[in-house]
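Visitor: Structure in structure tokens, see below.
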Amino acid sequence: MTDRIAALQRSISERGLDALFVTEPGNRRYVSGFTGSNGVVIVGPDTLYLATDFRYHEQVRQQAPRFELVELGVDQDKGLAACVDGIGLERIGFDGAHVTVDQLERWRKTMPDVTFESASGMVEALRGVKDAEEIARLRAAVELADEAMAHIMGWIRPGVTERDVAWELEVYMRTHGAEKLSFDTIVGSGVNGARPHAVVSDRVIERGDPVVIDMGALLDGYCSDLTRSFCVGEATDAYQRAWGLVLEAQVAAEQAIKPGMTGREADAVAREIIYHGGYEGKFGHGLGHGVGLAIHESPYASQRSNDTLQAGNVVTVEPGVYDLAWGGIRLEDMVVVRENGCEVLTRVPKVPVVGG
């Protein structure tokens, strides 16, 4: 925590700001450790404050002992303005991607002498590179997701519905330590699998159906993200060929990923294999994204990404093929970018057919 605060303070000084208002929940937790749902973390080159209401005063003292508590009353904007005036802040940055227009207008009304400046990305740039403690937490979240997916691959059978599968996964994760799901579980069977973010339905899974399952567990504040695709009971030769192509693309990308590679370059490794395999236009999303306190965060790997991968990034590698005539295939691992390549965290097996 000390290192990330110091790094943020350096960035604030370099930008010429008197302070940064940190309000986005993930950013707020990353900087201070505070997990409450309301509060403004105020970081200056030499100052650390956390302003919140009565509900969280004791929580701030426990979770963010380095930060001076600012006790906000009924009119929270007025209380925040009094704090800013007392510190003598004149130029303040804020989470531009999180703060609403209405909130910014209220701040400007209660603090007319302050210049507010969008500082989107300042905290996110730090969050992209995980430290050893964060990687350990992510590894644990991945292990739980692996266990849940292995369970469902042995459990699934003809006659169950997509909703049954999603519930079985949720029960497994919650009863094995997950705080909650990283996101709503995706179970796309048959043609539903052609929608990368299919909404779970009551469709009954039949023998031979292709199924895409995308899920993750939130553990100790950190997310996991995992996708496996397979047919239930039996698979056609065409499905197995397409499945093998997606696996080839994933393995190639994981072997290629290294520091200094751009997200666009990483995406191109997998995309070239899929397109040359006869599925041009059938891989409509990016190769992957960062994962941490949020399920989607920097860096991103896609056809339009200019992000540069760095050692310490934790990203997904998830190529896919989708066809409205029969369904979809996606295989997703989480990896840590290391100095000389990447380490694959995800361990659950990849097989084209399960159950039956």
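Visitor: Just from its helices, what would the mean residue ellipticity at 222 nm be for the chain, if runs of 4 or more DSSP H residues each count -39500 (n - 2.57) and the sum is divided by every residue, rounded to the nearest 500 deg cm²/dmol? Don't skip to the end; give the middle numbers.
Guide: Working: 10 runs with 127 residues, N = 356.
After summing the helix terms and dividing by the residues of the chain, the value is -11000 deg cm²/dmol.
Visitor: Between the helical axis of 263-274 and the dominant principal axis of the chain, each derived from Cα atoms, what acute angle in degrees is found, rounded to the nearest 10?
Guide: Its long axis makes an angle of about 10 degrees.
Visitor: Here's something else I'd like to know. So the label point goes 7 Å from the Cα of Glu71 along Cα→C-beta, right? Which residues of the stretch 41-62 then have their backbone N under 13 Å from it?
Guide: 52-59, 61
Visitor: Report ³J(HN,Hα) in whole Hz for each residue of the stretch 322-328, in order, from the Karplus equation J = 6.51 cos²θ - 1.76 cosθ + 1.60 where θ = phi - 60°; Gly and Pro get x.
Guide: The phi angles translate into 9, 9, 5, 6, 9, x, x Hz.
Visitor: OK, next. What spacing in nm lies between the two simple spin-label points modelled at Ser120 and Glu206, each 7 Å away from Cα in the Cβ direction?
Guide: 4.6
Visitor: When the Cα atoms of the stretch 2-126 are enclosed in a convex hull and the volume is divided per residue, what value in Å³ results?
Guide: 91
Visitor: R0 = 30 Å: FRET efficiency of Lys78 with Thr35, Cβ-based, nearest 0.05?
Guide: Here the calculated transfer efficiency is 0.75.
Visitor: To the nearest 0.05, what FRET efficiency results for Asn340 and Ser13 with a Förster distance of 35 Å applied to their C-beta separation?
Guide: Values: r = 34 Å, r/R0 = 0.96.
Calculated transfer efficiency: 0.55.
Visitor: Please check which bits of the stretch 221-247 a label hung off His285 would reach, taking the label as a point 7 Å along Cα-to-C-beta and the cut-off as backbone N under 17 Å.
Guide: 223-230, 246-247
Visitor: Of the DSSP beta bridges with both residues in the chain, give the percent that are antiparallel, rounding to the nearest 5. Show your work: numbers first, answer last.
Guide: Details: 40 of 53 bridges.
Percent antiparallel among DSSP bridges in the chain is about 75.
Visitor: Still on this structure, please answer the following. How much length, in nm to one decimal, is gained on full extension between Trp155 and His98, taken as 0.36 nm per residue of separation minus their Cα-Cα distance?
Guide: On the way: separation 57, 0.36 × 57 = 20.52 nm, distance 4.08 nm.
Extending this stretch completely gives an extra 16.4 nm.
Visitor: Let me ask something else. Quick one: which residues, 5 or more positions from Gly355 or on another chain, have an amide H under 5 Å from its amide H? H modelled 1.01 Å from N in the peptide plane, none for Pro or chain starts.
Guide: Those lying under 5 Å, H to H, from Gly355 are Gly233.
Visitor: Moving on to the next point. Could you name the lysines in cross-link range of Lys109, using Cα to Cα under 24 Å and dropping any fewer than eight places away on the same chain?
Guide: Answer for Lys109, where 24 Å is the Cα cut-off: Lys78, listed by chain and number.
Visitor: Can you give the three extents of the C-alpha atoms in the chain along their principal axes, from longest to shortest, in whole Å?
Guide: Projected onto the principal axes, the Cα atoms of the chain cover 71, 39, 34 Å.
Visitor: While we're here: Which lysines have a Cα less than 17 Å from the Cα of Lys258, not counting those fewer than 8 places away in the same chain?
Guide: Reachable lysines: Lys130.
Visitor: Between Arg163, Arg264, Arg91, find the one with the highest GNM mean-square fluctuation for the chain; connect C-alpha pairs within less than 10 Å.
Guide: Greatest mean-square fluctuation among the candidates belongs to Arg91.
Visitor: In whole Hz, what ³J(HN,Hα) sequence does the stretch 24-40 give by Karplus (6.51, -1.76, 1.60; θ = phi - 60°), x for Gly and Pro?
Guide: For the stretch 24-40, the Karplus curve yields 4, x, x, 5, 4, 5, 4, 6, 10, x, 6, 10, x, 8, 9, x, 10 Hz.
Visitor: Can you tell me how much longer the chain between Val199 and Glu272 gets when fully stretched, taken as 0.36 nm per residue apart minus their C-alpha distance, in nm with one decimal?
Guide: The Val199-Glu272 span can extend by a further 23.4 nm.
Visitor: Right, next: Share of antiparallel DSSP beta bridges in the stretch 16-89, in percent to the nearest 5?
Guide: Here the share of antiparallel DSSP bridges comes out near 65 percent.
Visitor: What percent antiparallel are the DSSP beta bridges of the stretch 82-213, to the nearest 5?
Guide: 50
Visitor: Then there's this: Using the basic label-point model (7 angstrom from Cα toward the beta carbon), what is the Glu133 to Asp237 distance in nanometres?
Guide: Each label point is offset 7 Å from its Cα along the Cβ direction, giving 5.7 nm.
Visitor: Expected output is a single nm value to one decimal: the length gained when fully extending between Arg108 and Ile87, i.e. 0.36 nm times separation in residues minus the C-alpha distance. What is it? Kindly include the intermediate steps, with their values, before the conclusion.
Guide: Values: separation 21, 0.36 × 21 = 7.56 nm, distance 1.68 nm.
Contour length minus the Cα-Cα distance gives 5.9 nm.
Visitor: What distance in nm separates the two pseudo spin-label positions at Leu324 and Asn306, each 7 Å out from Cα along the beta-carbon direction?
Guide: According to this spin-label approximation, the distance is 3.4 nm.
No value in this document is a laboratory result; all are computed from the given coordinates. What you see is a predicted model; the values in this text were computed from it and never measured. Positions of Cβ are backbone-derived with ideal geometry, glycine not excepted, and every protein chain shown enters the neighbour counts.
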